[in-house]
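Here the structure is laid out as structure tokens; the discussion comes afterwards.
The values are calculated or read from the model by the stated rules, or taken from the named source; none is laboratory data. Since the model is a prediction, treat every value here as computed from it, not as a measurement. Heads up, the Cβs are rebuilt from the backbone with ideal geometry, glycines too, and the neighbour counts pull from every protein chain shown. Areas reflect the complete protein model, heavy atoms only, side chains present, ligands, DNA and RNA absent. Shrake-Rupley method; radii C 1.70, N 1.55, O 1.52, S 1.80 Å.
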Amino acid sequence: MKIGVIGGGQLGRMLALAGTPLGMTFAFLDPAPDACAAALGEHLRADYGDQDHLRQLADEVDLVTFEFESVPAETVAFLSQFVPVFPSAEALRIARDRWFEKSMLKELGIPTPEFADVLSQDDLNAAVASIGLPAVLKTRTLGYDGKGQKVLRKAEDVTDAFAELGSVPCILEGFVPFTGEVSLIAVRGRDGQTCFYPLVHNTHEAGILRLSVASSNHPLQALAEDYASRVLSKLNYVGVLAFEFFEIDGGLKANEIAPRVHNSGHWTIEGAECSQFENHLRAVTGLPLGSTAKLGESAMLNFIGEVPPVEKVIAVQDCHLHHYGKAFKAGRKVGHATLRCPDRATLDRQITAVETLIQRD
Ligand code: AMP
């Protein structure tokens, strides 16, 4: 079976690494000449709106999926005429726009930060008057890794904030004084079969994920699964869907959803019976889903800007290196390490061992 993937970054690369043993082959559509997934399949180098290449992709593959959500809606609509596309155009339409996304979560009774639509500086002033400060202004679309957002702490921060984010549609969110950030990786098959990985505790720096630690028997697991199930059913979702939550007052507030495999699920490659990548492919191709059970204690550390010397990373016991083959550049995710250890004390020691290899800017 040949899978078409929109986007050819590391997520596409890891999808191909998971699908190849299942007999799948891959074609990636990505305008970047150096798309790192290209090493694992055919590379159609074209813009996401290039209908000739989209048509070529549709003709060549059995189905199409995505490795990022900022794909133009027209691209999805065009492809859907010729080939099955999972997740659906509707799921992408909602997940790529923070206003649609938060409105759906609210409608489903899932707690979120307070939020308001902001289409002008006047809207922003009104939203700040009602939500209060501190607050976070975010572009509705195209934001990632903390880009396209600004924390507003005092009145002066508000004055030019709409223009500073490019005078594009935004939402304002109340600032959540969270005690932790967790994510849930969910997967739903074409037949509605659904499963969830253990909640992951995430640490960000400057808006970029640095460390994910998979939990054991997290007290909020059932609540997170309940919230996620509501979204999966509502969207009749097929594939992996990631949920990011803030932990606050012993409960959860949803931050965002991502309609794709997710950075906080990379630990599952070595840390779970069946990885998020394999399970996404199983889901979209209609195969039975694999077990999401955790094998030992697991964590993932991102390498941002550069990968430390390979020989040093792999010298850490229980450590698995994933080098994405991308050019090193400040702020760019270029690799990660997964640790899978027999117990939590060992995991904590090995996290420290990998962290000492990471150069901070
Ligand atoms: P996002 O791109 O929306 O996931 O935001 C990136 C990071 O910014 C999150 O992981 C949080 O650490 C922080 N953040 C985003 N929204 C809020 C909020 N409403 N309140 C507090 N922190 C936030």
**Prompt:** Which of the residues spanning segment 124-149 are modelled with pLDDT under 95, open to solvent by less than 70 Å² (accessible area, probe 1.4 Å) and of a type outside the set (Val, Ile, Thr)?
**Reply:** Gly143, Asp145, Gly146, Gly148, Gln149
**Asked** Using beta carbons and a limit of 6 Å, which pairs, at least six apart or on different chains, have the first residue in segment 166-192 and free of Cβ contacts under 8 Å to residues at least 60 places away in the same chain and in a strand (DSSP E or B) and the second one among the aromatic types (Phe, Trp, Tyr) and away from the ligand (no atom under 15 Å from the Cβ)?
**Response** Ala186/Phe196
**Search result, residues across segment 296-342 that are farther than 24 Å from Ala206 by Cα and either under 22 Å from the mean Cα position of the chain (by Cα) or part of a strand (DSSP E or B) (or both)** = Glu297, Cys319, His320, Arg340, Cys341
**Prompt:** What number of residues in segment 220-248 are within 27 Å of Thr65 (Cα to Cα) and open to solvent by 60 Å² or more (accessible area, probe 1.4 Å)?
**Reply:** 5
**Fill in**
Heads up, the strands (runs of 3 or more DSSP E) in segment 16-90 (entirely inside) with at least 1 residues that are under 24 Å from the mean Cα position of the chain (by Cα) and of a type in the set (Gly, Ala, Ser) are 25-29
**Asked** Just checking, how many residues over segment 193-219 are away from the ligand (no atom under 16 Å from the Cβ), assigned to a strand (DSSP E or B) and surrounded by 21 or more Cβ atoms within 10 Å (Cβ to Cβ)?
**Response** 1
**Prompt:** Mind checking which pairs have a first residue in segment 123-152 that is free of Cβ contacts under 8 Å to residues at least 12 places away in the same chain and a second that is within 11 Å of the ligand (Cβ to nearest atom) and basic (Lys, Arg), Cβ under 8 Å, 6 or more apart or different chains?
**Reply:** none
**Per-region count, segment 89-115, residues closer than 22 Å to Gln56 by Cβ and open to solvent by 40 Å² or more (accessible area, probe 1.4 Å)** = 1
**Complete:** Conditions (1) over 26 Å from Ala73 (Cα atoms); (2) within 12 Å of the ligand (Cβ to nearest atom) -> Leu172 fails only (1)
**Item:** Scope segment 273-301; condition within 24 Å of Leu347 (Cα to Cα), buried (at least 21 other Cβ atoms within 10 Å of the Cβ) and not charged (D, E, K, R); matching residues
**Value:** Ser275, Gln276, Phe277, Ser298, Ala299, Met300, Leu301
**Prompt:** Only one of these conditions is not met by Ile94: (1) over 18 Å from the mean Cα position of the chain (by Cα); (2) under 26 Å from Asn255 (Cα atoms). Which number is it?
**Reply:** (1)
**Request:** Would you mind finding the one in Leu137, Leu133, Leu105 that is of a type outside the set (Val, Ile, Thr) and assigned to a loop (DSSP other than H, G, I, E, B)?
**Result:** Leu133
**Asked** Being over 21 Å from Asn263 (Cβ atoms) and either in the same structural domain as His336 (by TED's automatic domain parsing) or among the β-branched types (Val, Ile, Thr) (or both), is that true of even one residue in segment 5-16?
**Response** no
**Request:** Just name the residue that is farthest from Leu92 (Cα to Cα) out of those in segment 249-262 that are open to solvent by 10 Å² or more (accessible area, probe 1.4 Å) and in contact with an Asp or Glu (Cβ under 9 Å, 6 or more places away or on another chain).
**Result:** Lys253
**Message:** Any residue in segment 243-267 that is closer than 23 Å to Ser298 by Cα sitting within a Cβ distance under 7 Å of a residue that is assigned to a loop (DSSP other than H, G, I, E, B) and within 11 Å of the ligand (Cβ to nearest atom)? List the pairs, counting only those 6 or more apart or interchain.
**Reply:** Phe246/Val176; Phe246/Phe178; Glu247/Phe178
**Item:** Selection from segment 326-349 of residues that are of a type in the set (Ser, Thr, Tyr) and touching a residue at least 60 places away in the same chain (Cβ under 8 Å)
**Value:** Thr338
**Request:** Give the residues of segment 108-130 that are touching a Cys at 6+ places or on another chain (Cβ under 8 Å) and in a helix (DSSP H, G or I), sorted by residue number.
**Result:** Leu124
**Item:** Only listed residue being among the small types (Gly, Ala, Ser), out of contact with any strand residue (DSSP E or B) (no Cβ under 6 Å at 6 or more places or on another chain) and within 30 Å of Lys138 (Cα to Cα), chosen from Ala38, Ala73
**Value:** Ala73
